[in-house]
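All remarks here apply to the structure that follows.
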Amino acid sequence: MAAAVPGEGPAAPDAEIGPVDLAARVDEALRVQAAAFGLSQDEIDVRRHIVLRHLEHPHARALGAITPDGRLVGFVYGLPNDRTQWWSTVVEPYLRATGSEGWLEDSFVITELHVHPDHQQRGIGRTLITAITDSVGHPRSILSAIDKDSPARALYHSLGYRDLARQVVFPSAPQPYAVMGAPLPLLRARPGA
């Protein structure tokens, strides 16, 4: 098992962060996502195929948070943006409208980041996202998050992500999203902050 990634946030004492074969653990990852995001079984079934397709990309990266007993309690994965992929084609008109279309070039997309609710507020999400973005050779990162005040959006803002477009509507998504972008490396918390 990989050692915990050192960082400014409190690395969770009950989980180690490191590379994970997310394709091999896709069902476990989707259980974490379902608990964190409130997904139905039908949504999980659809997402399983999407996650596996994403992970086939030759430059996809994934990290997991693994407990000492081997349970996956958090994960992040992403890949370099490709303007021909579905997500990019949906967000492009919104970014163009705000003058932010250039963020689609040479960006690493955080596709999913989830931590099981029983393990949130321990620095796992912060450690996962900073570790994965530190390992890519891109000058910036982009992601989408539900467009409302939430702990996830607060985390992203604290790392330097800013809103590039709001009220982005994805087909079949029940709520609008915000597209956010940050230069890399991500901001780190100041000591004592």
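The values are calculated or read from the model by the stated rules, or taken from the named source; none is laboratory data. It should be emphasised that the depicted structure is a prediction, and the values quoted were computed from it without experimental measurement. Quick reminder, even Gly has a Cβ in these numbers, built from the backbone with ideal geometry, and neighbours come from all protein chains shown. The accessibility values were calculated without ligands, DNA or RNA, using every heavy atom of the protein model including side chains. Shrake-Rupley method; radii C 1.70, N 1.55, O 1.52, S 1.80 Å.
Some points to look at:
- Exclusive hit being of a type in the set (Gly, Ala, Ser), more than 13 Å from the chain's Cα centre (by Cα), open to solvent by 40 Å² or more (accessible area, probe 1.4 Å) and closer than 25 Å to PRO58 by Cβ, set GLY137, GLY99: GLY137
- So PRO19, is it at pLDDT below 95 and open to solvent by 30 Å² or more (accessible area, probe 1.4 Å): no
- Cβ pairs under 7 Å, 6+ apart, first in the stretch 57-84 and open to solvent by 10 Å² or more (accessible area, probe 1.4 Å), second modelled with pLDDT under 95 and among the acidic types (Asp, Glu): none
- Qualifying residue in the stretch 103-111 (condition: at pLDDT 95 or above and in a helix (DSSP H, G or I)): yes
- In the stretch 152-174, the residues that are of a type in the set (D, E, K, R) form Cβ pairs under 6 Å with partners that are surrounded by 17 or more Cβ atoms within 10 Å (Cβ to Cβ) and outside any loop (DSSP other than H, G, I, E, B), at six or more places apart or across chains, as follows: ARG153/ALA145; ASP163/ALA178; ASP163/MET180; ARG166/ALA178.
- The lone criterion from (1) among the small types (Gly, Ala, Ser); (2) touching a Phe, Trp or Tyr at 6+ places or on another chain (Cβ under 9 Å); (3) surrounded by fewer than 21 Cβ atoms within 10 Å (Cβ to Cβ) left unmet by GLY181 is number (3).
- Looking across the stretch 27-56, the residues that are open to solvent by less than 70 Å² (accessible area, probe 1.4 Å) and under 15 Å from the mean Cα position of the chain (by Cα) come down to ALA29, LEU30, VAL32, GLN33, ALA34, ALA36, ARG47, ILE50, VAL51, HIS54, LEU55.
- When restricted to residues that are part of a loop (DSSP other than H, G, I, E, B), surrounded by 20 or more Cβ atoms within 10 Å (Cβ to Cβ) and among the aromatic types (Phe, Trp, Tyr), the stretch 140-178 contains 1.
- Some residue of the stretch 2-12 being β-branched (Val, Ile, Thr), open to solvent by 60 Å² or more (accessible area, probe 1.4 Å) and at pLDDT below 95: no
- Residue within the stretch 113-124 that is without any contact (Cβ under 8 Å) to a residue 60 or more places away in the chain, assigned to a loop (DSSP other than H, G, I, E, B) and either buried (at least 16 other Cβ atoms within 10 Å of the Cβ) or in contact with a helix residue (DSSP H, G or I) (Cβ under 8 Å, 6 or more places away or on another chain) (or both) present: yes
- All conditions but one from (1) hydrophobic (A, V, I, L, M, F, W, C); (2) outside any helix (DSSP H, G or I); (3) modelled with pLDDT of 95 or more apply to VAL32; the one that does not is (2).
- All conditions in (1) at pLDDT below 95; (2) in a strand (DSSP E or B); (3) of a type in the set (D, E, K, R) hold for ARG47, with the sole exception of (2).
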